[in-house]
Amino acid sequence: MKSESILADSPAIVVGKRFSDFHGKLALVRCGKTGRSIIAAVVMSNSFNRSSEEEYEVSRYILRELECDQRDIEIELFSDGLFVYGTLLPKYITPYGAVHKGWGGLSMYPWVRTVVQDFKLVYSGLPYAVRSESSHLLGVTYLGISDSLERHIDSVEIGAGYIKVEVEGQVVENFPIKPTLMVRMYTCEDAKGVCVPSMLFGELFVVDNRRFSYHIDEYFDFLIGNSGILITVPHGGFYRPKNMKVKSGVEADENTFELAKLVVEKIYELSGYRIVPNAVLARIHRSIVDLNQDSLGTNSIVRDYHETIELIASRLRKVFLVDIHGMASRPEWDIEIGTRYGRTVHGNIEIVANMRDTLRRYGFKVVMDEEFIGGFTINKHSANKNVYAIQIEINRESRMLKNIDRTAKALAESILTSYLTHMR
Ligand SMILES: [Zn+2]
């Protein structure tokens, strides 16, 4: 099979002519040997000319994540699903900050985050989706639900007065394309109460009745939190808009976008639901624009990204900026912290030493200013005296989906401890 090297680093399968009648947008890719699976975007290609049986190609990223051979791969394609929000989510948060376990009946099905337009979420003891022009609602779309289960949910929801509708949903997972799905959802004619964009835990944070959620943008997402922690990720995006020029051979820092989102969530949990970090996380792929290089004068995406960081930092008295990256695995160490020899933390090297000690307790081998001493982002923003910036490089092994939760927990604890000890 010929390699579509352009998507090698991404959760994607590339399909050829045989699939041209199929309107599938997402694939569940399973390893027949281990049973492990991953959801990927389905990308059409014209470069498959042979009439071979298998006119699809699974990216190297997926094979690596599943630790699976191409020959053991099984694929299931999806173009629609059931959109849920509120209490039907696996874990949800109320607009008043209570975190609950949702109805678990869908937990065995694969799911993706999805936004539906022209609906708002109204919470009044129970969550309701109500039509509302130019509003949006973030929830989860479950794929491949059995008919009998959906009929069961129908009978409960419709019995409770909800109306079932079919609309288009935009998948907001970190994929090289932006797939849309036809989704079925339960709505309500009219309801009054508190409005929130989402009740998905990890996307909505509540402190003292103040609500914080991600702003999902074209090229990067950002979150304005309530603390001096600011997490940035320039190279974790997989999105390649069709009309933009791609530089060949440039790969993403895989899973750093996902890792950063988990770090934000875990800092919130570890702090007893008190501290919400700020975050600016790129969706755009590094082969289109490198957000960690100085092209402020020539590239508007780079400018917007750094202006957002600057705007957040300028509102805060003291900022702990953590710029997260991924490096190839190396035998000597797992994580490197860069400070340009202390310059980007204004000589306060104890901030970094504290982080290193926490990470070492988790079993990570950590070095400082060894190879990746820090790039454009931390250099630029630490020029402001209130910004203490570090660059953190995580090896590939620690970023793999099977390890990402533990790595996120270690990072969250190290960032939070360092922040509470030295930065407040
Ligand atoms: Zn990087």
* Asked: If you take every DSSP beta bridge whose two residues both sit in the range 223-363, what share of them, in percent to the nearest 5, is antiparallel?
  -> 10
* Under 29 Å Cα-Cα from residue 17, which lysines qualify once same-chain neighbours fewer than 8 residues away are excluded? -> 2, 25, 33, 178, 242, 245, 247
* Per principal axis, descending, Cα span of the chain in whole Å -> 62, 58, 42
* Asked: Amide H of residue 44: which non-local residues (sequence gap of 5 or more, or other chain) have their own amide H closer than 5 Å, using H built in the peptide plane?
  -> 15
* Asked: In whole Hz, what ³J(HN,Hα) sequence does the range 320-330 give by Karplus (6.51, -1.76, 1.60; θ = phi - 60°), x for Gly and Pro?
  -> 9, 8, 10, 9, 8, 9, x, 10, 5, 5, 9
* Structure fact -> Loop-resident trypsin sites (Lys or Arg not before Pro) in the range 120-210 with no more than 16 other Cβ atoms inside 10 Å, DSSP not H/G/I/E/B, are 192
* Taking the simple approach of a point 7 Å from Cα along Cα-to-Cβ for both residue 400 and residue 384, what is their distance in nm? -> 3.9
* Asked: Which whole-Hz couplings ³J(HN,Hα) result when phi for each residue of the range 368-385 is put into the Karplus expression 6.51 cos²θ - 1.76 cosθ + 1.60, θ = phi - 60°, listed in order with x for Gly and Pro?
  -> 10, 6, 9, 10, 9, 7, x, x, 4, 4, 6, 5, 5, 6, 6, 5, 7, 5
* Roughly speaking, what is the stretch gain from residue 360 to residue 154, that is 0.36 nm per residue apart minus the C-alpha to C-alpha distance, in nm to one decimal? -> 69.2 nm
* **chymotrypsin sites (Phe, Trp or Tyr not before Pro) restricted to the range 300-362 and DSSP loop, no more than 13 other C-beta within 10 Å** => 341
* Long-range amide H contacts for residue 36: which residues qualify at under 5 Å (H placed 1.01 Å from N, peptide plane, sequence gap of 5 or more or a different chain)? -> 31
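By the scheme Lys and Arg +1, Asp and Glu -1, what is the net charge of all other residues having a beta-carbon under 9 Å from that of residue 393?
My count for the surroundings of residue 393 gives -3.
Roughly speaking, what is the stretch gain from residue 136 to residue 311, that is 0.36 nm per residue apart minus the C-alpha to C-alpha distance, in nm to one decimal?
60.5 nm
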* Roughly how many whole Å is it from the C-alpha centroid of the range 357-424 to that of the range 108-126? -> 33
* Asked: What list of ³J(HN,Hα) couplings, whole Hz, do you get for the range 266-271 from phi and the Karplus terms 6.51, -1.76, 1.60, once you set θ to phi - 60° and write x for glycine and proline?
  -> 6, 5, 4, 5, 4, 8
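Check each of the chymotrypsin sites (Phe, Trp or Tyr not before Pro) in the range 219-273 and keep only those in coil by DSSP with at most 11 other C-beta atoms within 10 angstrom; list them in order.
Passing sites in the range 219-273 do not exist.
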* To do: For each cysteine in the chain, check whether another cysteine's C-beta sits under 4.7 Å from its C-beta; list those where none does.
  => 188, 195
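Rule-based calculations on the coordinates, nothing more; no lab input. Computed from a predicted structure; not experimentally measured. Note that each Cβ is placed from the backbone with ideal geometry, even for glycine, and that neighbours are counted across all protein chains shown.
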